[in-house]
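The values are calculated or read from the model by the stated rules, or taken from the named source; none is laboratory data. Keep in mind that this is a model prediction, so the values were computed, not measured. Cβ placement follows ideal geometry from the backbone for every residue including glycine, while neighbour counts extend to all protein chains displayed. Surface areas here come from the heavy atoms of the whole protein model, side chains and all, with no ligands, DNA or RNA. Shrake-Rupley method; radii C 1.70, N 1.55, O 1.52, S 1.80 Å.
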Amino acid sequence: MLLTHSGEYVQLLTPRGERVDAPGFDPWVADIGSAELRSLYEDMLISRRLDTEATALQRQGEIGLWPPLLGQEAAQVGSAHALRQSDFVFGSYRENAVAYCRGVDLTTMISVWRGNANAGWNPYDISMAAPAIIIGAQSLHAVGYAMGCNFDRSDDISIAYFGDGATSQGDVNEAMVFAASFSAPVIFFCQNNHYAISEPVGVQTTKPIADRAPGFGIPSIRVDGNDVLAVFAATAIAADRARSGNGPTYIEAVTYRMGPHTTSDDPTRYRPEAELEEWRAKDPLDRVKRYLINAGALDDAQLQEIDDHADEVAKDLRAAIRALPEPDPLSFFDTVFAEPNAHLARQRSQHAAYLAAFDGGER
Amino acid sequence: MAGQKTADTAETVHTLTLSKSINEGLRRALSDNEKVVLMGEDIGDLGGVFRVTDGLKAEFGPSRVIDTPLAEAGIIGTAVGLAYRGYRPVCEIQFDGFIYPGFDQIVAQVAKLHARTSGDVRMPITIRVPFGGGIGSVEHHSESPEAYFAHTAGLRVVSCSNPQDAYSMLRQAIASDDPVLFFEPKRRYWMKGEVNLEQTPERSLSSARVLTSGTDVTLVTYGPLVPTAMDVAAAAAEDGISVEVIDLRSLQPVDFDAVVASVRVTGRLVVTHEAQRFAGLGAEIAATITERCFEYLEAAPERVTGFDTPYPPAAFEDQFLPDLDRILDAVDRAMGRRNSLSDWRFDG
Ligand SMILES: Cc1ncc(C[n+]2csc(CCOP(=O)(O)OP(=O)(O)O)c2C)c(N)n1
């Protein structure tokens with residue numbers, strides 16, 4: 001039932017908002033009625049609003065950098081909703097919608113982009129690891145975690161999110177070797193957003209990315225990454241396989257990064273405008289909205305309510321940033337080691353003495 | 001319990017080789033804490049290429065003593081995930097020269113995650129590395145890469161030099177909530193010594209040990225060169241020079257206070273290690289001791305190290321490795337006894 005063969009992808013909701021049958025996948029979304037789909041839509045809309053707001057904040061100098069996920073909302077929200085809270089997520093810097101779905105405190109999320117912290121949230125609060133900036137490193141962490149779930153005889157699982165560029169990294173390939181050998185309960189979730197900064201996916205591979213996994217002994221699913229229902233179904237299938245002792249599954253979510261790589265990037269240098277237009281027509285939010293409206297399950301009042309909620313989240317985000325206290329200037333010494341380190345303690349106190357020599361301890 | 005008991009000692013004292021004492025340390029760690037797992041290549045049925053993990057898979061099973069795929073980044077990277085899950089992985093790198101494929105996971109992930117998460121995530125990972133030369137091996141099998149790791153914030157780096165330390169320091173490393181690079185002097189694996197398996201370590205993992213006290217020269221070393229340094233002290237004594245040998249034990253952090261205390265008495269410092277000289281541990285120790293003991297120093301600190309070449313083929317290793325004579329020469333120079341090498345200092 002898993003599609004490990006080349007080229008096709010699974011779709012349950014067309015860009016025009018029509019529900020199409022996908023035998024084998026439909027049962028996994030049978031529980032998703034109008035109310036559930038509305039809440040998926042709401043999370044996608046809020047993710048989009050987070051992007052707009054964070055981009056504005058970057059332009060206003062409130063934060064240093066932001067990696068937008070514009071266009072990838074369905075891939076992130078759909079997969080995140082198919083997990084249990086006790087499952088552990090290992091992502092890159094772009095999985096901010098996943099973090100949102102797992103209940104991250106926005107203040108801690110944003111403190112990173114403000115330059116006040118390295119990793120932000122406490123991983124154990126939302127069962128989501130510190131974001132990895134080294135491309136692909138987190139895939140091995142996810143596999144190790146999943147091996148631990150096996151050793152514990154728990155039915156928790158882990159998921160590794162990474163991009164199409166990451167598929168070229170040794171770590172991602174080693175992760176597949178380990179996952180297959182140890183039958184680790186892990187999901188490899190590749191968001192093929194078609195670009196690694198400026199490099200089109202064709203530089204990383206000349207085949208559909210999902211084709212790679214079967215060679216490692218891992219079944220794969222290629223799914224329309226802009227279709228929240230299809231992503232949910234694929235992730236639910238993979239999660240169920242992992243929980244029931246059948247090991248890893250690889251998902252390629254075919255999507256598109258409609259914004260820049262980060263706020264420092266200029267996609268007009270490498271991306272044809274026509275290509276962007278083509279993908280705008282496949283927008284992950286529009287199709288859910290159309291489907292719900294056509295089904296009579298989304299009216300203007302509800303749309304307004306969702307919009308108001310997004311406004312609220314954006315407002316909170318802005319306030320959170322403004323309210324962030326300046327970090328203690330010496331605190332970056334404090335958590336290098338878990339145990340006291342005499343050498344570092346000496347360096348810290350020398351620097352503290354230096355700072356204290358200025359008026360009022362302020363430079 | 002393997003290992004023969006020595007006469008007149010308690011039940012728990014055994015004469016063991018250094019490799020066997022590490023084996024006992026691993027066995028003890030595995031049985032004391034079910035979260036300890038060993039990972040590495042060939043560590044299971046074979047017991048490791050040096051047999052350090054001999055018998056452990058049979059005793060604890062394949063999910064505690066894990067034969068991994070042949071992928072160093074994979075070994076360290078999955079250990080990170082296991083640590084996230086509450087495990088305390090002990091990774092074996094087969095030989096020093098094979099640690100580099102795992103370098104990124106060590107320096108960018110293992111070392112930094114505690115700091116990156118403001119202390120929320122701990123990485124109690126021990127990475128065992130047989131290191132150093134002197135066994136007549138081929139390329140990539142005799143290297144001393146410790147300075148790369150000592151340079152990296154967030155890692156502890158240690159090296160044992162005798163069976164008792166090997167046993168105790170390994171158990172301390174595994175118990176530490178910080179990641180530890182544990183460098184094992186492979187040419188001393190077969191060196192025997194008494195090991196008290198019940199002894200609680202008498203000193204912290206980060207403290208140095210003064211092995212012989214002396215008043216003329218402080219000789220600082222670690223790992224495989226410790227026995228050589230002891231021979232140097234004995235030979236120097238015959239020449240009327242009193243050498244204090246310090247086994248550093250911990251390379252990050254370095255117990256500078258112990259070295260400072262010694263140099264304040266002797267006024268002379270010689271550091272020796274097998275690793276290349278440039279930007280090595282010796283440079284760091286010489287610089288710090290110069291800063292902290294300048295007014296006590298009678299002579300410039302001396303370094304006796306490997307050369308700034310790749311570790312050479314076995315036919316040359318006697319030249320590459322610091323030996324008794326080269327170290328004694330440096331002790332002489334520190335004492336102001338000019339010799340053939342002294343002139344290099346003043347060649348303008
Ligand atoms: C090991 C490594 N090499 C290079 C970079 C610089 N870099 C940051 S993001 C990126 C592109 C990643 O592309 P992809 O994996 O497709 O993820 P995406 O950003 O598209 O989500 C690069 C090259 C890095 N962070 N890590």
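Counting only residues that are within 14 Å of another protein chain (Cβ to nearest Cβ), surrounded by 14 or more Cβ atoms within 10 Å (Cβ to Cβ) and without any contact (Cβ under 8 Å) to a residue 40 or more places away in the chain, the range A:300-333 holds 2 of them.
Of the candidates B:38, B:70, B:46, the single residue that is part of a loop (DSSP other than H, G, I, E, B) and closer than 22 Å to residue A:150 by Cα is B:70. Scanning the range A:75-127 for residues being in contact with a Phe, Trp or Tyr (Cβ under 8 Å, 6 or more places away or on another chain), away from chain B (no Cβ under 14 Å), in a loop (DSSP other than H, G, I, E, B) and away from the ligand (no atom under 16 Å from the Cβ) gives a total of 1. For the subset of the range B:160-204 comprising residues that are among the aliphatic types (A, V, I, L, M), more than 16 Å from the chain's Cα centre (by Cα) and outside any helix (DSSP H, G or I), which member is surrounded by the fewest Cβ atoms within 10 Å (Cβ to Cβ)? So, considering only residues that are among the aliphatic types (A, V, I, L, M), more than 16 Å from the chain's Cα centre (by Cα) and outside any helix (DSSP H, G or I), the one surrounded by the fewest Cβ atoms within 10 Å (Cβ to Cβ) is B:197.
Determine, yes or no, whether residue A:39 is in contact with a strand residue (DSSP E or B) (Cβ under 7 Å, 6 or more places away or on another chain) and modelled with pLDDT of 95 or more.
Numbers: in contact with a strand residue (DSSP E or B) (Cβ under 7 Å, 6 or more places away or on another chain): no; modelled with pLDDT of 95 or more: yes.
When the stated conditions are applied, residue A:39 does not pass them.
Do we find that residue A:297 is touching a strand residue (DSSP E or B) at 6+ places or on another chain (Cβ under 9 Å), of a type in the set (Gly, Ala, Ser) and open to solvent by less than 60 Å² (accessible area, probe 1.4 Å) in this structure? Explain how you work it out, then say what you get.
On the way: touching a strand residue (DSSP E or B) at 6+ places or on another chain (Cβ under 9 Å): no; of a type in the set (Gly, Ala, Ser): yes; open to solvent by less than 60 Å² (accessible area, probe 1.4 Å): yes.
For residue A:297, the condition - touching a strand residue (DSSP E or B) at 6+ places or on another chain (Cβ under 9 Å), of a type in the set (Gly, Ala, Ser) and open to solvent by less than 60 Å² (accessible area, probe 1.4 Å) - is not met.
Residues in the range A:75-114 that are polar (S, T, N, Q) and in contact with a Leu (Cβ under 9 Å, 6 or more places away or on another chain): A:76, A:96, A:107, A:111. Considering only residues in the range B:84-101 that are surrounded by 22 or more Cβ atoms within 10 Å (Cβ to Cβ) and assigned to a helix (DSSP H, G or I), the one that is farthest from the ligand (Cβ to nearest atom) turns out to be B:96. Of the residues making up the range A:322-332, none is within 28 Å of residue B:112 (Cβ to Cβ), assigned to a helix (DSSP H, G or I) and touching a Pro at 6+ places or on another chain (Cβ under 6 Å).
Among the residues making up the range A:244-272, a single one is open to solvent by 30 Å² or more (accessible area, probe 1.4 Å) and in contact with a Leu (Cβ under 8 Å, 6 or more places away or on another chain): A:264. Taking the criterion of being under 26 Å from residue A:63 (Cα atoms) and of a type in the set (Val, Ile, Thr), the residues of the range A:261-288 that qualify are A:262, A:263, A:268. The one condition from (1) over 22 Å from residue A:96 (Cα atoms); (2) modelled with pLDDT of 95 or more that residue A:234 does not meet is (1). If only residues of the range A:16-36 that are touching a strand residue (DSSP E or B) at 6+ places or on another chain (Cβ under 8 Å) and in contact (Cβ under 8 Å) with a residue 24 or more places away in the chain are counted, the one that is most open to solvent (accessible area, probe 1.4 Å) is A:19. Of the set (1) of a type outside the set (S, T, N, Q); (2) in contact (Cβ under 8 Å) with a residue 24 or more places away in the chain; (3) farther than 25 Å from residue A:288 by Cβ; (4) not in a loop (DSSP other than H, G, I, E, B), all apply to residue A:265 but (4).
Do the conditions hold for residue A:240, that is, is it more than 16 Å from the ligand (Cβ to nearest atom) and surrounded by 24 or more Cβ atoms within 10 Å (Cβ to Cβ)? No: the conditions fail for residue A:240.
Being assigned by TED's automatic domain parsing to the domain that holds residue A:222 and farther than 28 Å from residue B:65 by Cα holds for only one residue in A:97, A:142, and it is A:97. For the range A:167-217, how many residues meet the condition of being away from the ligand (no atom under 15 Å from the Cβ) and within 14 Å of chain B (Cβ to nearest Cβ)? Of the residues in that region, 14 qualify.
Taken over the range B:69-83, the criterion of being out of contact with any strand residue (DSSP E or B) (no Cβ under 7 Å at 6 or more places or on another chain), open to solvent by less than 10 Å² (accessible area, probe 1.4 Å) and more than 7 Å from every other protein chain (Cβ to nearest Cβ) is satisfied by no residue.
Any residue at all in the range A:221-229 that's within 16 Å of the ligand (Cβ to nearest atom) and under 24 Å from residue A:101 (Cα atoms)? The answer is yes, given that some residue of the range A:221-229 is within 16 Å of the ligand (Cβ to nearest atom) and under 24 Å from residue A:101 (Cα atoms).
Just the residues that are of a type in the set (A, V, I, L, M) and away from the ligand (no atom under 11 Å from the Cβ), please, taken from the range A:128-164. Scanning the range A:128-164 gives A:128, A:129, A:130, A:140, A:142, A:143, A:146, A:147, A:157, A:159, A:160.
Considering the range A:334-363 alone, what residues qualify as being within 14 Å of chain B (Cβ to nearest Cβ) and part of a helix (DSSP H, G or I)? Can you show your working first?
Quick first cut of the range A:334-363, residues within 14 Å of chain B (Cβ to nearest Cβ) only: A:334-348, A:350.
Matches in the range A:334-363: A:342, A:343, A:344, A:345, A:346, A:347, A:348, A:350.
I'd like to know if the range A:277-292 contains one or more residues that are away from the ligand (no atom under 15 Å from the Cβ), in the same structural domain as residue A:93 (by TED's automatic domain parsing), open to solvent by 40 Å² or more (accessible area, probe 1.4 Å) and in contact with a Phe, Trp or Tyr (Cβ under 8 Å, 6 or more places away or on another chain).
Start the filter on the range A:277-292 by keeping residues that are away from the ligand (no atom under 15 Å from the Cβ), which leaves A:277-278, A:280-292.
The next check asks that each one be in the same structural domain as residue A:93 (by TED's automatic domain parsing); those that pass are A:277-278, A:280-292.
Checking the rest, the ones that are also open to solvent by 40 Å² or more (accessible area, probe 1.4 Å) come to A:277-278, A:280-282, A:286, A:289-291.
Add one more test, that the residue is in contact with a Phe, Trp or Tyr (Cβ under 8 Å, 6 or more places away or on another chain), and what stays is A:282, A:289.
Yes, that holds for at least one residue.
Scanning the range B:119-156 for residues that are within 13 Å of the chain's Cα centre (by Cα), within 12 Å of chain A (Cβ to nearest Cβ) and over 17 Å from residue B:88 (Cβ atoms) turns up just one, B:150.
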